[in-house]
1. Quick one: check the C-alpha center-to-center distance for region C:232-301 versus region B:43-114, whole angstrom.
2. At residue B:116 and residue C:310, where each label point lies 7 Å from the Cα along Cα→Cβ, what is the point-to-point distance in nanometres?
3. Once the label point is set 7 Å along the Cα-to-beta-carbon vector, what list of distances in nm do you get between residue D:223 and its counterparts in the other copies?
4. Where the Cα atoms of region B:260-374 are projected onto their three principal axes, how long is each span, largest first, in whole Å?
5. Report, for residue D:138, each distance to the same residue's label point in the other copies, shortest first and in nm; define the point 7 Å along Cα→Cβ.
6. First obtain the Kirkwood hydrodynamic radius of the protein assembly as shown from its Cα pairs, then insert it into the Stokes-Einstein equation at 20 °C and 1.002 mPa s, and state the resulting D in µm² per second as a whole number.
7. Please give the FRET efficiency for residue B:217 paired with residue B:45, using the beta carbon to beta carbon distance and R0 = 22 Å, rounded to the nearest 0.05.
8. If you take the Cα atoms of region B:308-374, find Rg, then find the Kirkwood Rh from the mean of 1/r over all pairs, what is Rg/Rh?
């Protein structure tokens, strides 16, 4: 057992922290939230130069061959600073799916571009029905004349508006899990992308596919074999999201602790009030358990071990603990942090979006129940 | 709107309080918990003399013609003092069922004896399956030769070991709700009663019916029409149980508040610590809401208004709030109240038994959901 | 015990409901939104004056001051109705300043202010909080110096919701800086159009506007002093006892809408409402609303029977606001991904109401006395726990 | 990061598990129960001595004192195994007194006590709490007066679990009544068979026994003083940092049993385990157990890397004990009416384990530092919040 980062990981963490502290002020975050694109090319290029995009991918395709645990460290720091942009969509949702399902040609072509920051990816799976399961996927891919034609609407597709490639989960048969994954050019005729206004500060899109033609060669993995791959990616994404919440928890805790050490009410530092102390103690307990649950699930993925139960335990715990932690931070900070200008609200918004993303606590508890043989 | 007792009710409350303060010490409660019978004839007779047994029944059958709200006041005081004995079984479970379902002869005969304390009743409905619904009732009553024969096992029958009459919910047909109610002599051949050891301090029994013959005349209400009556009684019983928890909450709160005003730790009265104050504040909030939710449901019953939703809201809220209140009292009292000799444990045990009785919070929330049209 | 409204009360409430249904125009809500989700513009005033013309703004005031002389219960019930449909709810003039003037103001002050207030003609905003004095009113810095006929006011207030549309500031200010805490504060009515008043918007994370108000040599006529000099803290506390009430019906309406959404939305072939976890969550909210309703009407009952609510008001505020947060969060959970979409989003559920309430709910347990302050009051006043 | 045991650790744990399976006799549990649910009788000692003969009672002690020189992680893991099967878990001699002797005791004391302790041959019980000194150890009253070769002890202790079966009392006593608080307390080892020692049973609501111990002119040889005179409070605090750990596996076993019950019990024609609400509740307990496990092994990791657990130990105690209460309550909820039946009842589910745990769980958040004390430590030490 070892609860600390190794030397290499500490370096990753520190350099990510340093980079984001310099480049990703909350002014920048606010600006990017307003910005339609949601990030700057400069910021994106710098991350690419640091090798972040290629971090979890094999060296053969231009990646750094590092582990999911290492990726989680980057995501944690991004969460700490609310870093904007399609990094998560590209690397976690897109990249890991291609790595898992793609053939050699696809992997080499897509991931090598991804790794240098010249291709933005995303994943489209949710639809109107609001279901997280395979039955919710009803966008059809009809095979005709040696290609597929996709028709239907995907919702909540992150960063589709800036993506080069959308990986689309589409129905290719009537059995519940007959789902296939396709690499779709975001600029292909018939693809219509609309930004959805969302309170979390992220960029979620509606993507309408109107008889979009996709070549056979763009099938990722086996026809009808998409669901296990997708499920796998979504569980990894849940852990990645937890890593962001891990970082965000540290910042929300810091806001509160710094404040209670300087704010005076009733003639005393409010940090001396037992009630405030207890709120802060609970925040620290949430923060530590969030960190460990996330690290454990990430480690399982990194080690190539079965990770499904840990991933769901992680997302279930972190989703709620992080929300409660941010709530306590608000309670401790009082009216000051209810102001738009206080940065805690950025974290409050992202906390709820992260809680919902890739399944909320109830959803993942149900998965844990399944793993328990209930 | 009026949130206070009326003059008459205040008198009932004060006299019940005075009587129980005199006769029902916690020494007596502990003794009766150990005692196989669970109460003394003397205590029972005194309650009868005070007119408690007949309180909610019409004057024609020897009752006092008072309301369910008035009965709830008595139950609250009994909860405050942990009063032992088959009062609840006799009056609420047995008496109210007879009042609802019985014909004139049955009402007059049974309730007039009940009212003077000379007949103890109870109700047998739960069985091995652990279901609260009609499907859980599988004890059969076969009609043969102008009488019924009952065979099967009832569980968790309160006070059956001292009852004269057991009202039995039995299956008389295959449709889920084809349930009938029977007045069964507890001493009839074939009735076998065994006390179940239970941690709550109450007297729950297994009652085995081995081809017990019951005359036609002992059918209460219509054949096959027992479920609505039973359901009605159980909802009233849920409110009655909440009334007991209302009283018990007051005592558990009192233990804590008295203690924190005299216990010194770290050189201060512990009641000055903000954490202790907050625990006590939460207890008071629980106590007040418990009281109002219970009073409201009882009032609905008393007024003859539809009470199903309020009864379930009441039991759902009170079950959990009371448990939490008792838990806070334990936390505030610390090690002292973990001792068998401290009376709080009597309330702790009864809190859980009361929480489970007549459906726990989840069960009643589901009923509320139904009432909401979900 | 009696948990019903009288026939008379029911009839009046029916009229209020029907008024609210027909008179809450789209224009009213649009104006509100444009003013930073704050009522008080032209449409708003038109609405409230029409509403007030029935006596419903101050129903429990005596008729001579523009009320109907009804029970407090009815006044509380009317506010629930307003809350449910989402119209403005708290009127500082009618609900906070007015009663204090009635209790403690001079006859001149009563004659001048109460009728216009009851008719909804003047709007006040609350001016207690300062940057260093949030939960702690004893820490006020703003100074009013006696200049004979008037006071000269200098200082700053913060979190003055409604100041940018109100006519007057109901201001707590230090008038005796040497007095022991609490004993040097006075209440006065300040015309927000006075020279030297500078109102600067502050935007909250819920999207609505509040304000900082800066006072630079502002002259306040002495006649605008409320009651006695240096008795302000007592008046504020008194008003808290009499006037605190947190109708939760706004959030109650969200529960109803989320339940309706659950009934009409199908996920994986089954109505969301059939999901046992959704059922439990919504039922729990219904139950907590019911519990709050009792704490709420207990306050009215106490007022109607000549008692002074004390810790009971703190309890209701505490309970209501914590329930509000749970309701908003439950709404977000039930709506899932759709709940986070804002009003203008094509796929938004319930027109973005849930995420808006979720953001707003953050401040509920903070403003008007934090949950920590309320728990302290309940313990110290309700249970008489020792202070030291 | 590494969340696995080494192959070596796994192998040893496998041996421990297999030992626990075969060597925990019915007689052991019956004896425990007869002693008031307290281990320490003949069977108990036989068991622990056999267990200890493998070095498992003090695995992380150095071999010269009877340990195996293993990691703290392994020691923590062994305790989880013991907890899971419900054998005695906390040995005051091996787990509290021994390490303090090792750190601070004289060479004579180490030579005399450590090997017998590691072999499970002597049993200690803890003697800190007094009626007026529960959470507040600075309030001790018991006095040990220096009589040259010995101390003369007078006073009273309370909540001395295990005292009626132990050999020695690990006693905190005042040795300098004039010293400032915390600076006049010493630790000493008192033979419980000494004349003047009176042990009186106290029965807890969980059914198990604890004790009051009265000291009336009891003579304690000076050699039994642990470390320096008046340094006792420091030793106690040091031991807390090093020795606090709350394996939750006892309650973990309940979760597994309740889950099995749910899988095998049918209600209304469906397995209880298919009830979505039951599923959510049990899954949540599984998740909280997992979270606690990290807080637990973090402590071991800190010890293994030369760090001193501080607020981290408080956090684990706080978290574990609150989870314990939720687990016991969840068990009661899932078992419904059947959960309240006690062991001897014909219809009891899980042989009454749930109701027993439910009663026991009450004290978890109270003993060994209440949750309030732990939260204070986390805030003050973990976050360095101001004391004043």
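Every read-out reported here was derived from the displayed coordinates using simple, explicitly stated rules and does not represent laboratory data. Bear in mind the structure is a predicted one, so any value in this text is a computation, not a measurement. A quick note on method: Cβ atoms are made from the backbone with ideal geometry, for glycine too, and the neighbour counts reach across all protein chains shown.
1. 36
2. Result for the modelled spin labels: 5.0 nm.
3. From this label point to the equivalent ones elsewhere in the assembly: 9.7 nm.
4. Extents along the principal axes, in whole Å: 55, 27, 26.
5. Nearest to farthest, the other copies are at 2.4 nm.
6. Rounded, D is 60 µm²/s.
7. FRET efficiency, residue B:217 to residue B:45: 0.15.
8. 1.13
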